[in-house]
1. Just the ratio, please: alpha-carbon radius of gyration of the chain over 2.2 N^0.38 Å, N its number of residues.
2. Kindly report, to the nearest 10 Å², the accessible surface of H144 as traced by a 1.4 Å probe over protein heavy atoms only.
3. Would you tell me the accessible area of D213, worked out with a 1.4 angstrom probe on the heavy atoms of the protein chains, in Å² to the nearest 10?
4. Tell me the carbon and sulfur percent of the accessible area for the stretch 166-227, rounded to whole percent, probe radius 1.4 Å.
5. Could you sort L45, L176, L114 by their accessible area in this structure, using a 1.4 Å probe and putting the largest first?
6. For the stretch 159-199, what mean projected area does the convex hull of the alpha carbons give, in nm²?
7. Starting from the Cα-Cα distance between L216 and V236, subtract it from 0.36 nm times their residue separation and give me the gain in nm to one decimal.
8. Can you give the accessible area of H207 in Å² (nearest 10), computed on protein heavy atoms with a 1.4 Å probe?
Amino acid sequence: MIYNTLGDTGIRVSQLCFGSLTMGPLQKNLPLEEGARIIKKAAELGVNFIDTADLYGTYPYIKEALKEYPDMVIASKSYAYDNKTAQETLNRALKGIGRDYIDFFLLHEQEGPLTLKGHWEAIEYLSKCKEKGLVRGIGISTHHIAGVKAAANIPEIDVIHPIINYRGVGIVDGTLQEMEQAISVAWHNGKGIYAMKSLGGGHLIPHLQSAFDYILEFPYVHSVAVGMQRIEEVEVNIDV
């Protein structure tokens, strides 16, 4: 397993990030023990990074897995926009995973400068939490090139979780080449980059090898989040 330091955060993460959405109630809705078993198998094989969100309902699986692998790096996301919603969703994350800190807390689906401006109170709140050690890094997830460009120049943002895949599936506001350029700028500005939907939300599974070859050869990504809901998927993704 390859490990990279996530930008300027100083936190080392596995090149494969366990995307937990697909195992949760919004998709497969696995029983608790089965979901936790899959995460633990991934950890046994070297995956140390898990992506989740307030919306996903997957905290229970992660909490159970952390009992055996307590040092895994956890990133969660929420639609918080002010002090109240940031506090509520962060507290749910901390309680949900059973730890007194979370590694990364991201604002979900940010579109660009205006969206970030509208969520600035939440960023300020999370910055205070970072000073207290409740959060180790702040970030955004985005399907927008404009979101990556905006976040690349905001000192308070440590991590960006952008959509990118070899066919540009799901990029809202431009081309794959424009997204590549925006991510390159963010990388060189010291932002941690972990990619989402490298398989195009499942649409590129028939082209699995091409999809993985592209994202693993793209030089400006530290880790790649891939949704997994079976041990066989974990094993295949690790071997790619």
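The values are calculated or read from the model by the stated rules, or taken from the named source; none is laboratory data. Treat the numbers as computed from the prediction; the structure is a model and nothing was measured. With ligands, DNA and RNA removed, areas are computed over all heavy atoms of the protein, side chains included. Shrake-Rupley method; radii C 1.70, N 1.55, O 1.52, S 1.80 Å.
1. Working: Rg = 16.4 Å, N = 240, 2.2 N^0.38 = 17.7 Å.
Compactness ratio reported: 0.93.
2. Only protein atoms counted, so the area is about 40 Å².
3. Estimated to the nearest 10 Å², D213 gives 60 Å².
4. Working: 1450 of 2780 Å².
It is 52 percent, rounded to a whole number.
5. Numbers: L45 65, L176 25, L114 150 Å².
These residues rank, largest area first, as L114, L45, L176.
6. On the way: hull surface 10.4 nm².
One quarter of the hull surface, i.e. the mean projection, equals 2.6 nm².
7. Numbers: separation 20, 0.36 × 20 = 7.20 nm, distance 1.48 nm.
Gain in length upon complete extension: 5.7 nm.
8. Approximately 70 Å² for this residue.
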